[in-house]
1. Pick from region 1-17 the residues that are over 15 Å from W57 (Cα atoms) and surrounded by fewer than 16 Cβ atoms within 10 Å (Cβ to Cβ): which of them is nearest to the chain's Cα centre (by Cα)?
2. As an exercise: evaluate I24 against (1) more than 14 Å from V69 (Cα to Cα); (2) in a helix (DSSP H, G or I); (3) of a type in the set (V, I, T) and give the number of the one condition it does not meet.
3. For region 140-236, list the strands (runs of 3 or more DSSP E) that sit wholly inside it and hold at least 1 residues that are modelled with pLDDT of 75 or more, over 24 Å from the mean Cα position of the chain (by Cα) and surrounded by 10 or more Cβ atoms within 10 Å (Cβ to Cβ); which are they?
4. Does Y72 meet the test of being farther than 30 Å from D139 by Cα, in a loop (DSSP other than H, G, I, E, B) and of a type in the set (F, W, Y)?
5. Of the residues T251, T275, which single one is out of contact with any helix residue (DSSP H, G or I) (no Cβ under 8 Å at 6 or more places or on another chain) and either under 18 Å from A293 (Cβ atoms) or modelled with pLDDT under 95 (or both)?
6. Restricting the search to region 237-279, which residues are charged (D, E, K, R) and in a loop (DSSP other than H, G, I, E, B)?
7. Which residues, taken from region 249-288, are acidic (D, E), free of Cβ contacts under 8 Å to residues at least 60 places away in the same chain and closer than 24 Å to Q237 by Cβ?
Amino acid sequence: MNLQLANVISGISGLSGQAIISAIVRGERDPVQLADLVDYRVKASREEVARSLEGNWRTDVLFELQQAVDSYHFAHRQMLECDEKLTLYLASLPTRTLETPAPLQAESLVQKRKKARKPRDNEPRMDLKAELKRICGVDLTSIDGINVMTAQTIVEGWLLTGDLGRFDLKGREHLQLFGRKKNMIVTAGGKNIYPEDIEAAFDGLPVKEYCVFAADYLWPKKALGDEMLVLVVRLEQNQEFDDKLRDEIVTRNRRLADFKRAGGYLVWEKDFPRTASLKIKRGELASEIATGAARESIAQI
């Protein structure tokens, strides 16, 4: 459509942007009529807004805009449903009262100067700060660097990071982390498998790097059946996948419980994508493998 709306308003998700886009979807094409929908707080003049709304109104692009608007509203309806569920969950948690010392006078003045603000972007619409203060007994957002979105991940003294772990059986003195919740694989028999658990069995394998995936995660298929785990290995430069390396993989694999054993391996020719902290970006790597290799390229163990 070649509209230049972004040149005159700060964002199309605000009142003005949404009003103009909704009018375009309904069939309004007159730039002057569209400019009249702009909120009074927009600094650009109506003439400037109208000039930015002169377009060619191509049918295919208008259809694409309608699709984008529908997707936007669907996502926001989903978010509102999440907010409702979160509100009910928080309301079910008991109130906690802690004896805290009264704040110093200087601290009180600083807190009074903080103005309440409206929720931004994807933040919940509820008064999440007040609910968290009721549940935790203290205002966690008073700590520098912790906002309300970070504070909501702290429940009953625990920071909800998405890691899975278990206490030792002798007195709950040691916590062992053994995987990420989002990486967990559930077998047809109801067994939980953590890729990190399996990868630990291959620790020290003489290759550059390796990673474990479920084959159905890499190449989804509609038919149900037994899951097959795949060991993806990246060799060192000029390294060959010889019988010695294969035998070591087989030996290490046999040490695992039957339902945890890898059913095959795949030699990958590229370095694994990693985060700044050198953790493997599993989702990104999975996408690369899915598009760059076929299920048939898996070698059986």
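1. Pass one, region 1-17, residues over 15 Å from W57 (Cα atoms): 6-17.
Adding the requirement that they be surrounded by fewer than 16 Cβ atoms within 10 Å (Cβ to Cβ) leaves 6-7, 10-15.
Working: A6: 28, N7: 31, S10: 26, G11: 23, I12: 24, S13: 21, G14: 24, L15: 27 Å.
This residue is S13.
2. All conditions pass for I24, except number (1).
3. Working: elements: 163-167, 175-180, 209-214, 229-234.
Counting at least 1 such residues, we get 209-214, 229-234.
4. Values: farther than 30 Å from D139 by Cα: yes; in a loop (DSSP other than H, G, I, E, B): no; of a type in the set (F, W, Y): yes.
No; evaluated as a whole, the condition is false for this residue.
5. Details: T251 fails: either under 18 Å from A293 (Cβ atoms) or modelled with pLDDT under 95 (or both).
After applying the criteria, what remains is T275.
6. The first filter runs over region 237-279 and keeps only residues charged (D, E, K, R), leaving 240, 242-244, 246-248, 252, 254-255, 258, 260-261, 269-271, 274, 279.
E240, D242, R255, R261, E269, K270, D271, K279 - these are the residues of region 237-279 that are charged (D, E, K, R) and in a loop (DSSP other than H, G, I, E, B).
7. Step one: filter region 249-288 for residues acidic (D, E), giving 258, 269, 271, 284, 288.
Applying the additional criterion that residues be free of Cβ contacts under 8 Å to residues at least 60 places away in the same chain yields 258, 269, 284, 288.
Those that are acidic (D, E), free of Cβ contacts under 8 Å to residues at least 60 places away in the same chain and closer than 24 Å to Q237 by Cβ: E269, E284, E288.
The values are calculated or read from the model by the stated rules, or taken from the named source; none is laboratory data. Bear in mind that the values here come from a model prediction, so they are computed numbers and not experimental data. Neighbour counts are summed over all protein chains in view; Cβ atoms, including those assigned to glycine, are modelled from backbone coordinates with ideal geometry.
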